[in-house]
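Step one of this worksheet: look at the structure below.
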Amino acid sequence: MAKNNKFKVRDLKLAAQGKTKIEWAESRMPVLAALRAKYKKTKPFKGFKIAGCLHVTKETAVLIRTFIDAGAELSWSGCNPLSTQDDVAAALAVDGVSIYAWHGMNTKEFYWCIDRTLDFKPQLTLDDGADLIFTVHNKYKNLIPSIIGGTEETTTGVHRLRKMAEQGALKYPVFAVNDSITKWDFDNVYGTGQSTIDGILRATSVLIAGKNFVVAGYGHCGSGVATRAKGLGASTIATEVKPTSALKATLEGHRVMKMDDAAKVGDIFVTATGVKDVIVGRHFASMKDGAIVCNTGHYDCEINLEDLNRLKKSVRTIRPNCEEYTMKDGRKIYILAKGRLVNLSAAEGHPSEVMDMSFANQFNAQLALVNSYKAGKKLSVNVHVLPESMDQAIAGVKLSTMGIKIDKLTKEQIKYNEDYSEGT
Ligand code: XFA
């Protein structure tokens, strides 16, 4: 590849280390590898420019390489100043990718980077959090006529885009990658499930078996965490506000109770609700000596640390991401990662195997945009979801790379199903 790429990264000397990391992720992302092999010859993205605004991690680097092999031209920035892996960014820059990302950049720099990725007039945008789409809509309206469409990775981004579409403010079609089953279900249940346990273990190294493990919120993330904790031998307790979720937790073998009651018996607490003040002063006041408390929900306000600070006598750091609060009555309570997402702060977020499927959806969504453009079929200016058949295709490839074979419906079975649904 001709290396006329523009970039701004922290330190190019980190490139070799970044390359090793990317290769490791690559070996764990078989669905992207399959897409790469499939489109390497036909290059469906040839002549198309994609601007991306997505966490610059080793997994994203594998997605970037997949797009490049499929013929795309790219320009990339990170979508969060703290998620950029500087060694990965360096490896991409050395590899010829136009990339603007470094760890710890400020807000002004963040938008400067987005602006640079728009300099090359992309026809496609790829987002995590919709900042790129917003920037195009607010600042670079002139680009809109030549933009085919965009894709969005997260719940928050999709939510913002749907609001925009409702108000008629959205000016080009967008695929909500987040809404694919192979994205959000697997991210939340298996990604968050494992990485949360990973974070707790790295921060504390406690034995999970035999502990009363309290999970606040039995949504997809909470159920993933609870299932893993149970698998490690914990006695699991879920707290909920929604009857159907509470019932589900009960039937899946977890005890369900109010937080006021769970607070008295829990050894380890994980919040995964998305709302604030899940664990507050009165809960800290009734906790057992030695209780460990952490959060894996979207916000860092699920645990009320102001309340805890009022109840404490002293605080000290025990190990990275583990702070010991000594209460006025002498009990000790341990807070992990200052109440921020423990799976990101104390562990490494979603494993590559999980990102593999999320990013295969990103790839398919971008490809769907290009294919509809080539076919002369204009997608309506709205937030679209990928067809279920694409979810099934991704899951199918994942299974086959795992060496797992499944059954196929026979012609007779298909006919039976069709007759049945017609009500005959
Ligand atoms: C960092 C991600 C965020 C990293 C990057 C470096 C390291 C660890 C911050 C992120 C997201 Cl906000 O990645 C993790 Cl050392 N991810 C996604 C991710 N999680 N998300 C857990 O791993 C999903 C999510 C989150 C946090 C949805 C809604 C709100 C918060 C990007 C990524 N992860 C794989 C990293 N493997 C090293 O590529």
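Worth pointing out:
- Any chance Ala25 is aliphatic (A, V, I, L, M) and touching a helix residue (DSSP H, G or I) at 6+ places or on another chain (Cβ under 8 Å): yes
- The sole residue among Val136, Val158 that is within 16 Å of the ligand (Cβ to nearest atom), in a helix (DSSP H, G or I) and either surrounded by fewer than 22 Cβ atoms within 10 Å (Cβ to Cβ) or at negative phi (or both) is Val158.
Yes or no, residue by residue, for (1) modelled with pLDDT of 95 or more; (2) touching a Ser or Thr at 6+ places or on another chain (Cβ under 9 Å); (3) farther than 21 Å from Gly199 by Cβ:
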residue: Arg255; (1), (2), (3): yes, yes, yes
residue: Phe269; (1), (2), (3): yes, no, no
residue: Met287; (1), (2), (3): yes, no, no
residue: Asn295; (1), (2), (3): yes, yes, no
residue: Leu305; (1), (2), (3): yes, no, no
residue: Thr317; (1), (2), (3): yes, no, no
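One line per residue, one yes/no per condition, for (1) touching a residue at least 40 places away in the same chain (Cβ under 8 Å); (2) among the β-branched types (Val, Ile, Thr):
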position	(1), (2)
Asp131	yes, no
His137	no, no
Lys141	no, no
Pro145	no, no
Glu153	yes, no
Gln167	no, no
Ala176	yes, no
Ile208	yes, yes
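- Filtered residues of region 115-126 (kept if buried (at least 24 other Cβ atoms within 10 Å of the Cβ) and either within 22 Å of Arg10 (Cα to Cα) or of a type in the set (Lys, Arg) (or both)): Thr117
- Residue within region 350-358 that is within 13 Å of the ligand (Cβ to nearest atom), assigned to a loop (DSSP other than H, G, I, E, B) and farther than 30 Å from Val31 by Cβ present: no
- Per this entry, Pro44 is not counted among residues that are more than 24 Å from the chain's Cα centre (by Cα), closer than 22 Å to Gly157 by Cβ and touching a residue at least 40 places away in the same chain (Cβ under 8 Å).
- Subset of region 318-349 [in a loop (DSSP other than H, G, I, E, B) and touching a residue at least 60 places away in the same chain (Cβ under 8 Å)]: Pro320, Asn321, Ala346, Ala347, Glu348, Gly349
- Qualifying residue in region 298-311 (condition: touching a residue at least 60 places away in the same chain (Cβ under 8 Å), under 30 Å from Glu23 (Cβ atoms) and within 15 Å of the ligand (Cβ to nearest atom)): no
- Taking the criterion of being within 21 Å of the chain's Cα centre (by Cα), more than 12 Å from the ligand (Cβ to nearest atom) and surrounded by fewer than 17 Cβ atoms within 10 Å (Cβ to Cβ), the only residue of region 317-349 that qualifies is Lys338.
- Of the residues making up region 4-54, those that are within 16 Å of the ligand (Cβ to nearest atom), under 23 Å from Ile148 (Cβ atoms) and either touching a strand residue (DSSP E or B) at 6+ places or on another chain (Cβ under 9 Å) or of a type in the set (Val, Ile, Thr) (or both) are Gly52, Cys53, Leu54.
- Residue within region 98-108 that is aliphatic (A, V, I, L, M), surrounded by 24 or more Cβ atoms within 10 Å (Cβ to Cβ) and part of a loop (DSSP other than H, G, I, E, B) present: yes
- Among the criteria (1) within 14 Å of Asn382 (Cα to Cα); (2) within 15 Å of the ligand (Cβ to nearest atom), the one Gly150 does not fulfil is (2).
The values are calculated or read from the model by the stated rules, or taken from the named source; none is laboratory data. Just so it is clear, the structure is predicted and the values come from calculations on it, not from any experiment. Virtual Cβ from ideal backbone geometry, glycine too; neighbours counted across all protein chains shown.
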